[in-house]
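What follows is one structure encoded as structure tokens, with my remarks underneath.
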Amino acid sequence: MQFDTYNHQNALKLVPSTFQQEVITILSSTPVRKPLNTQKIRESILSKLHDLGWSDEVRVDPKNSKIDITSMRKDVGLCFQTGNMSRLYADLLKLQTLYADSKIAASICVVPKRSFAKLLGQNIVNYERLTRELAIFSKTISVPILIYGIQE
């Protein structure tokens with residue numbers, strides 16, 4: 001799998017380089033087979049991350065809600081989104097809340113690039129739109145996010 005990287009709010013300096021390298025290695029070594037199955041791609045990547053110490057899903061507010069992010073390791077949150085574009089905004093709010101509550105210092109977000117997203121379905125979250133819109137909302141979304149846009 002190939003990928004591009006976008007650095008929001010200085011995440012490159014705040015996400016430990018070992019975490020960055022782990023994610024890059026896993027993304028680079030994960031094959032994409034036809035027919036495309038986002039669930040299998042997701043399970044493969046998350047299983048490898050879990051083996052390296054990334055958690056299962058983490059609740060944003062365990063006492064009051066079942067809202068969660070994909071994973072966490074130390075003070076870095078991770079969201080992996082291959083669904084509808086509207087779900088991405090929920091992920092951004094979750095990461096921002098964890099950051100505002102000092103539960104994370106930075107985050108990683110993995111999303112498909114536009115050409116890959118089109119193969120996965122209609123109105124699927126995509127890297128190009130996310131990075132463009134993060135620039136618009138930079139005063140509101142202050143959580144540092146390292147974004148990896150994946151493609152086959």
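See the values below:
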item	result
Scope segment 1-14; condition over 19 Å from residue 130 (Cα atoms) and either assigned to a loop (DSSP other than H, G, I, E, B) or in contact with a Leu (Cβ under 8 Å, 6 or more places away or on another chain) (or both); matching residues	1
Pair list, Cβ under 6 Å, 6 or more apart: segment 96-122 residue more than 17 Å from residue 71 (Cβ to Cβ), other residue at pLDDT below 95 and in a helix (DSSP H, G or I)	120/38
Exclusive hit being over 28 Å from residue 139 (Cβ atoms) and not hydrophobic (A, V, I, L, M, F, W, C), set 81, 96, 21	21
Count - residues of segment 57-96 that are among the β-branched types (Val, Ile, Thr) and farther than 20 Å from residue 15 by Cα	2
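The values are calculated or read from the model by the stated rules, or taken from the named source; none is laboratory data. Fair warning: this is a prediction, and the values are worked out from it, not measured in the lab. Backbone-built Cβ (ideal geometry, glycine too); neighbour counts: all protein chains shown.
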